[in-house]
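**Student:** Let me begin by handing over the structure; questions about it come next.
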Amino acid sequence: MTGRSVTSLALPRWLLVPAALGTLFVGLPVVAMALSVDWGSFGSLVTSDASTDALLLSLRTAAVSTMLCLLLGIPLAVVLARTSGTAATLLRSVVLVPLVIPPVVGGIALLQAFGRRGLLGSTLEVAGLQVAFSTTAVVIAQTFVAMPFLVLSLEGALRTAGTRFEEVAATLGAAPTTVFRRVTLPLALPGLVSGTILAFARCLGEFGATITFAGSLQGTTRTLPLEIYLQRESDPRAAVALSLVLVAVAVLVIGLTRARREPVGGVVS
């Protein structure tokens with residue numbers, strides 16, 4: 001198909017007013033936070049021992065949690081995209097639960113499952129494994145809240161790509177695993193990349209489920225959002241500075257995600 005330039009649709013001018021107000025509503029608090037930062041001491045505020053420990057812990061746990069999201073979320077997204085019916089609808093509803101419940105409720109649910117007296121936690125306790133209020137609990141909490149972002153993004157990409165090429169590969173004699181590895185995943189790669197980036201960002205920003213399920217122990221379970229919450233009472237300047245760090249990460253993530261989705265040079269095929 002011959003490439004053509006994307007043309008802008010004519011929009012009603014009155015839409016610009018509420019659009020501007022919406023932008024102001026979202027952007028003004030971020031701008032206000034940036035203006036209130038003590039830039040002269042910004043470096044010292046974000047590099048204190050507690051802040052550095054929290055940042056490094058957040059990066060480590062977010063990386064591990066994202067890998068778990070990929071390991072569990074890719075098969076789940078493929079199953080959702082390639083099946084239909086009541087069972088698939090029910091499964092999708094279960095996957096969406098972490099998106100719609102408050103994170104603290106998710107933390108309580110994790111405690112009931114993996115806590116010392118939980119459904120699985122009591123068995124793990126007998127085996128000498130304590131999950132709750134450990135670094136492992138941080139990873140589980142982050143994975144719980146972030147995996148739906150990866151699953152939904154990848155499922156949408158798979159549904160958009162369709163099954164034509166997979167059917168052709170199967171007709172030519174390719175095994176199901178080969179079709180999955182050589183056809184399915186490459187077709188959905190943009191959605192997979194976007195979902196992975198969003199999942200990583202969600203892991204970095206997770207607070208409610210983490211503090212409920214993992215607690216707040218410096219160097220062990222106190223991630224950057226938890227450190228910001230504690231600094232808000234003891235050192236508001238440090239809380240603002242650390243918050244700006246998280247905002248910068250969020251902006252970077254959004255930029256990377258949009259760069260993957262938008263056509264280069266505004267041209268589509």
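**Student:** Go from 0 up to the bin containing the longest alpha carbon distance in the stretch 38-107, width 10 Å each, and give me the % of pairs per bin.
**Tutor:** Reading the bins upward from 0: 16, 27, 27, 17, 10, 3.
**Student:** Between T123 and R181, what's the calculated FRET efficiency when r is the beta-carbon distance and R0 is 25 Å? Round to 0.05.
**Tutor:** FRET efficiency, T123 to R181: 0.10.
**Student:** If you take all C-alpha pairs in the stretch 1-153, what percent of them are over 25 Å apart?
**Tutor:** For the stretch 1-153, the fraction of Cα-Cα distances above 25 Å is 59 percent.
**Student:** Quick one: net charge of L226's neighbours, Cβ under 13 Å, K/R +1, D/E -1?
**Tutor:** -2
**Student:** Tabulate in residue order the Karplus-calculated ³J(HN,Hα) for the stretch 169-174, using 6.51 cos²θ - 1.76 cosθ + 1.60 with θ = phi - 60°, rounded to whole Hz; enter x for Gly and Pro.
**Tutor:** Each residue of the stretch 169-174 in turn: 4, 5, 5, 7, x, 6 Hz.
**Student:** Would you list the P(r) distribution for the chain, with all Cα-Cα distances sorted into 10 Å bins from 0 and each bin expressed as a whole %?
**Tutor:** 6, 22, 28, 24, 14, 5, 1
No lab work stands behind these numbers, since they all come straight from the coordinates. Nothing here was measured: the structure is a model prediction, and the numbers come from that model. A quick note on method: Cβ atoms are made from the backbone with ideal geometry, for glycine too, and the neighbour counts reach across all protein chains shown.
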